[in-house]
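Below is one structure, written out as structure tokens; comments come after it.
The values are calculated or read from the model by the stated rules, or taken from the named source; none is laboratory data. As the structure is a computational prediction, the values presented were derived from the model and not from experiment. Counting neighbours? That spans all protein chains shown, and the Cβs are built from the backbone with ideal geometry, glycine included. For the accessible areas, the whole protein counts, side chains as well, though only heavy atoms, and no ligand, DNA or RNA atoms are used. Shrake-Rupley method; radii C 1.70, N 1.55, O 1.52, S 1.80 Å.
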Amino acid sequence: MELNGKVAIITGGAGGIGQAMARAFLAEGASAVVISDLDAAQVKTTAAAIGCDGMAADVTDEEQVRALVDFAVKKYGQVDLYCSNAGAAGNGLLIDAPNELWQRQWDLHLMAHIYAARALLPSMVARGNGYFLITASAAGLLAALGSGPYTVTKAAAVKLAEFIAITHGDDGIGVSVLCPQGVNTAMTPQSLGDGQTDGIIEPRELANTVIATLREERFHVLPHPEVEEYVRRKGNNIDRWIAGMQRLRQRSLSL
């Protein structure tokens, strides 16, 4: 997918990864970018600085997602690319993470993507083209130690992206899933435990990887290329991979 002349929506767009993608997309010639985030004032300030449209929205509310899509369609005619990027950290294990945290992570990391697909797939399928970029995480492909709600719901996001690609690829719908490790954003801890990242990259570097991957229409967007080999090892021998992750967790606990 070439971004030149395309209309894109980016949720979680007021900072970090979303803002970097908005800037990069416009530099690539996108005809319009609409960013969205929770804080209306921050969205307005960021949109003005970037030179794009902005609209506050809570993507865990389906009606607000539909309103965001309707805004872009009314102003620009259609949405070519929807970047379902909003996310939040969710630390805790099965025992200590409360139900409320699990539900918030589920709504943000899965249902928000479903709401976007419901709002856009009918028009995309009707015209025979459209693209979704779903931000998951390397944690969704592998695991995030100490972050049960986060890693489980990010894995669900990966599976949803696979499902859309499988069931709507013949309709002309493209899908990519963004799975970085550490990125230098407000959500990233100042330090990550042993083995949890192969380096913290800048959002602008990630955005460049996104553009290259969209151009080739590949499914996995891997700003940390090492992740591809880890996924391969996991697939080759899942029991060995789990045993290795158990050892890694023990090392992390001793730090």
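Summary table
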item: Residues of region 191-223 that turn out to be open to solvent by less than 70 Å² (accessible area, probe 1.4 Å) and either assigned to a helix (DSSP H, G or I) or modelled with pLDDT of 95 or more (or both), as a count; result: 14
item: Residue count, region 118-138 (criterion: within 17 Å of residue 156 (Cβ to Cβ) and either surrounded by fewer than 22 Cβ atoms within 10 Å (Cβ to Cβ) or over 20 Å from the mean Cα position of the chain (by Cα) (or both)); result: 1
item: Conditions (1) closer than 19 Å to residue 120 by Cβ; (2) out of contact with any helix residue (DSSP H, G or I) (no Cβ under 9 Å at 6 or more places or on another chain); (3) open to solvent by 40 Å² or more (accessible area, probe 1.4 Å); number of the one not met by residue 48; result: (1)
item: Pair list, Cβ under 6 Å, 6 or more apart: region 31-45 residue farther than 17 Å from residue 67 by Cβ, other residue at pLDDT 95 or above and surrounded by fewer than 16 Cβ atoms within 10 Å (Cβ to Cβ); result: 31/5
item: Residue list for region 8-30, restricted to those being under 25 Å from residue 172 (Cα atoms) and either open to solvent by 10 Å² or more (accessible area, probe 1.4 Å) or free of Cβ contacts under 8 Å to residues at least 60 places away in the same chain (or both); result: 22, 24, 26, 28, 29, 30
item: Residue match in region 71-92 (condition: within 28 Å of residue 166 (Cβ to Cβ), surrounded by fewer than 14 Cβ atoms within 10 Å (Cβ to Cβ) and without any contact (Cβ under 8 Å) to a residue 12 or more places away in the chain); result: no
